[in-house]
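The values are calculated or read from the model by the stated rules, or taken from the named source; none is laboratory data. Just so you know, these numbers come straight off a predicted model, no measurement behind them. Backbone-built Cβ (ideal geometry, glycine too); neighbour counts: all protein chains shown.
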Amino acid sequence: MGADNRPQVGKTLAGKACVITGGTKGIGEATAKLFAELGASVLITGRDESRGKRLENSSKQITFKRVDLEDRDDVTRFLAWLDARDLRPDVMISNASRNSRYSVTNISVEEWDRMLQLNLTAPFLLSRWAAKKMIESKVKGKIIILGAIQALFPLERSFAYVTTKGGLISMVRSLAVDLGGHGIQVTGVLPGQTYVDGEEVPSSIDTSAATLLGRMGRPEEISHLLAFLASDQNSFMTGNIIIIDGGRVISRKPDPDYIRTIQ
């Protein structure tokens, strides 16, 4: 995706304070870069300090904070750090996640607990923090939570991943019901097969993608959707679950080996 394909909408996020988890790679990184270009002040979290610092040094609009969302104590410390700086968010994007390739018969309780913390508890804690700040500041903000099409279209050996991503759909809807009266919009986004292992997609992987469009998605394409959802142009949507998958969930094509075996 070249620069000419980016949204030509000017500084549509100018002056907005945005928090993006999992911002050092893939969709989170692409979104942080785009939001910074569109004028937002962006705070990204992640565990990769070298990548985080590189992104921070690439734009005065981006700030990096190392946070391990699988560690509840670390999340608590992060929220205290945010409060100490009196950050008032306009946009909260819960994007951080990872694969967990276990079936119900071989997953450990420890792995189950880690996935619950990462994919459900962390988004809950961050959404609660953001909602309270928005209400206090009388900001009609946006909370955006990224799930995955696996919540609707499970892949084998992904029990905890699929289960927690399914829970995020209900979380989005419940948040929307609770926060709509405050003018806070909550949206869930379910990306499909998106290549996040480098800038160039190997042609063998791209052409074998089980999408109707015949290729993998790019992180930049997801970031374009998130930019609209975070902007003032998105003014009358809440509780929606948006699928962006190149038609994967209605394709009859089998998943390629790349998707079935990725760890």
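Go through the stretch 192-209 and give me each residue that's in contact with a Gly (Cβ under 9 Å, 6 or more places away or on another chain) and among the aliphatic types (A, V, I, L, M).
Correct list: VAL196, ALA209.
Residue pairs, Cβ under 6 Å, 6 or more apart or interchain, first in the stretch 193-208 and closer than 23 Å to LEU152 by Cβ, second aromatic (Phe, Trp, Tyr) and surrounded by 12 or more Cβ atoms within 10 Å (Cβ to Cβ). List them.
These pairs meet every condition: ILE205/TYR258.
Sort through SER170, SER231 and tell me the only one that's within 30 Å of VAL104 (Cβ to Cβ), small (Gly, Ala, Ser) and modelled with pLDDT of 95 or more.
Being within 30 Å of VAL104 (Cβ to Cβ), small (Gly, Ala, Ser) and modelled with pLDDT of 95 or more holds for just one of SER170, SER231, which is SER170.
Quick check on my filter: what residues within the stretch 217-263 are loosely packed, with under 13 Cβ neighbours inside 10 Å, out of contact with any helix residue (DSSP H, G or I) (no Cβ under 9 Å at 6 or more places or on another chain) and without any contact (Cβ under 8 Å) to a residue 60 or more places away in the chain?
SER235, PHE236, ILE250, ARG252, ASP257, THR261
Looking at the stretch 28-140, what helices (runs of 4 or more DSSP H) fall wholly within it and have at least 1 residues that are over 27 Å from ARG260 (Cα atoms) and without any contact (Cβ under 8 Å) to a residue 12 or more places away in the chain?
Because the criterion is at least 1 residues that are over 27 Å from ARG260 (Cα atoms) and without any contact (Cβ under 8 Å) to a residue 12 or more places away in the chain, the helices (runs of 4 or more DSSP H) in the stretch 28-140 that meet it are 49-58, 72-84, 122-137.
Identify all residues within the stretch 125-149 that are under 17 Å from GLY22 (Cβ atoms) and surrounded by fewer than 19 Cβ atoms within 10 Å (Cβ to Cβ); write none if there are none.
LEU125
Among the residues that make up the stretch 212-225, is at least one of them more than 12 Å from THR194 (Cα to Cα), assigned to a helix (DSSP H, G or I) and hydrophobic (A, V, I, L, M, F, W, C)?
Scanning the stretch 212-225, I find at least one residue that is more than 12 Å from THR194 (Cα to Cα), assigned to a helix (DSSP H, G or I) and hydrophobic (A, V, I, L, M, F, W, C), so the answer is yes.
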